[in-house]
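Below: one structure, written as C-alpha cells.
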Amino acid sequence: MKGKIIQLKLREGAGRRENGNAAEKASGLLELPLQEVKRLIWTAAARAPAALRRQLLAIADKGEHICPLLYLLIASSGRGEAGQATRLAASLEALHLALETHRDIAAPGLLPPKEAILCGDFYFGLALTLAGGHPLFIQGMSEVITRFAAARINAPDRPSEAQDLDGYLQELCNGRASIFALSCALGAAHGGYPLWQSEALTYYGLYLGIGLQLKREVEIFRLSLGNKKLAPAAGLPLLYILRKSPLRDRLRSLLNKTLSGDELELFLEEVNRLDPCSYTSRVIGHCFAKANQFIELLRENMDSQTIQALKSFLV
C-alpha cells in the first residue's frame, strides 16, 4: 500500500451521483458473515468494564461495517480457505471504530476526551486480539495506525492553515483512507489473488476511502450551516471557501463559534457564490471513477457478482 494518490484532473459536471446506502447490495450477499462480525464486536463491548460499556456499545452501533464487507467480499471471491474470515473481518471493524473514536476526540458534543481515548484504546486492543496469530493483519494494522497518527500530528489545528487542496487530499490518502485500502489488500491476500490484482484492489480501496470521507465532510459542512457553527471537520468544502474567497481573513475568524445572523448571511453569500459542495462532489466523482477503473481491470479475473457488489459502494 503506497501512500500516494494519483493526480486528479477535474472536469466540469463530473461527480454528481445520487446518495444512498453504499453497502446495501454487498450486505445482502454476506448477511450471515456480517451478522457474526456484529456479534463479535457487540459481545466484546458488552463484556467491557461497566464504566465504559454504554459508550462502547453506542460506538459499535454507529459502525458502518464497510471495511469488513470489503474484506469478506474480496476474500470469499478468491481461492483461499474460508478459515477465520469473519473473525478477521471483525478485527478490521474494531480497528475502524478505534480510529474513528480517536479522530473525534476533539469534536464538541461527543465523548469527553478521556472516555474517547479509553474507548478507542479498547477497540484497538480488540482489533489486535481478533487478528491474533495472523502476522499479515498485525503488520497491516500497525501501518494504518502509524499513518493515521502521522496524519493527525501533521494536520493543522485550523483548516485555514492547511497546505493546499491537493495537500489536503494527500493527507486523507495517508490517514483516513488507508484502512479501506488495507481491507481490500488483506481480502486479496486471503483470497489468493496475484500481486497485480491485489494492487488493483488496494488502489480501489484507497480511492473509495477518499471518496467516502469527502462525502462525510459534505454532510458535516451542511449540518454546520444548519447549526450556525462552522466545524473544522467540514474539511474540504470549508477549506475550499477559505482558499478561494477574497473574504478569507474575515471568514477564518468565524470558525468554532456560533454565528450571528449577519455573520451567517455573509458566509452563506460566499457559499452560494463559490459552491464548495459542487467542487467537492466533483472530486468525489473522480475518486470513484478512479476506483471503478481499477475494478474494471479485474473484470476477467473476478466473478461478476463480486464486481457489481464492489461497484455498489461507488454511489
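No value in this document is a laboratory result; all are computed from the given coordinates. These figures come from a predicted structure and were not determined experimentally. Don't worry about glycine lacking a Cβ; one is built from the backbone with ideal geometry, like all the others, and counts go over all protein chains shown.
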Difference of contour (0.36 nm per residue) and Cα-Cα distance, LEU223 to ARG243: 5.1 nm
Those trypsin sites (Lys or Arg not before Pro) in the range 278-315 that DSSP places in a loop and that have at most 12 other beta carbons within 10 Å: ARG299
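Past 20 Å, Cα to Cα, is the threshold; run LYS62/LYS228; LYS215/LYS311; LYS114/LYS215 against it and keep the listed order. Write out the running numbers ahead of the final one.
Numbers: LYS62/LYS228 25 Å; LYS215/LYS311 16 Å; LYS114/LYS215 28 Å.
Long pairs (Cα-Cα over 20 Å): LYS62/LYS228; LYS114/LYS215.
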Cα→Cβ-extended label distance, 7 Å offset, between ILE153 and GLN308, nm: 4.7 nm
Protection proxy ranking of 45-55, 237-247 - average other beta-carbon atoms within 10 Å, highest first: 237-247, 45-55
Fewest-first sequence of HIS102, HIS190 by Cβ atoms within 10 Å of each Cβ: HIS102, HIS190
Theoretical FRET efficiency, 1/(1+(r/R0)^6), r = Cβ-Cβ of ALA289 and ALA50, R0 41 Å, to 0.05: 0.30
Pair-distance profile P(r), taking every C-alpha pair of the range 24-311, with 10 angstrom steps and integer %: 6, 27, 32, 23, 10, 2, 0
Fewest-first sequence of CYS119, CYS184 by Cβ atoms within 10 Å of each Cβ: CYS119, CYS184
Size of the range 235-288 as Cα extents on the principal axes (Å, biggest first): 37, 19, 18
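Going by average Cβ neighbours within 10 Å, how do the peptides 174-182, 193-201 rank, with the highest at the top? Please report the intermediate quantities before stating the final value.
Values: 174-182: 25.4, 193-201: 17.9.
Put in order of decreasing packing, that is 174-182, 193-201.
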In nm, spacing of pseudo-spin labels at GLU265 and ARG216 (7 Å Cα→C-beta vector): 3.6 nm
Peptide ranges 120-131, 258-269 listed from the most packed, as the mean C-beta count within 10 angstrom indicates: 120-131, 258-269
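Using DSSP to call loops (not H, G, I, E or B), can you name the GluC sites (Glu not before Pro) in the range 37-101 whose Cβ has at most 12 other Cβ atoms within 10 angstrom? The partial results should precede the final answer.
On the way: sites: GLU64, GLU81, GLU93, GLU100; in loops: GLU64, GLU81.
Filter output for the range 37-101: GLU81.
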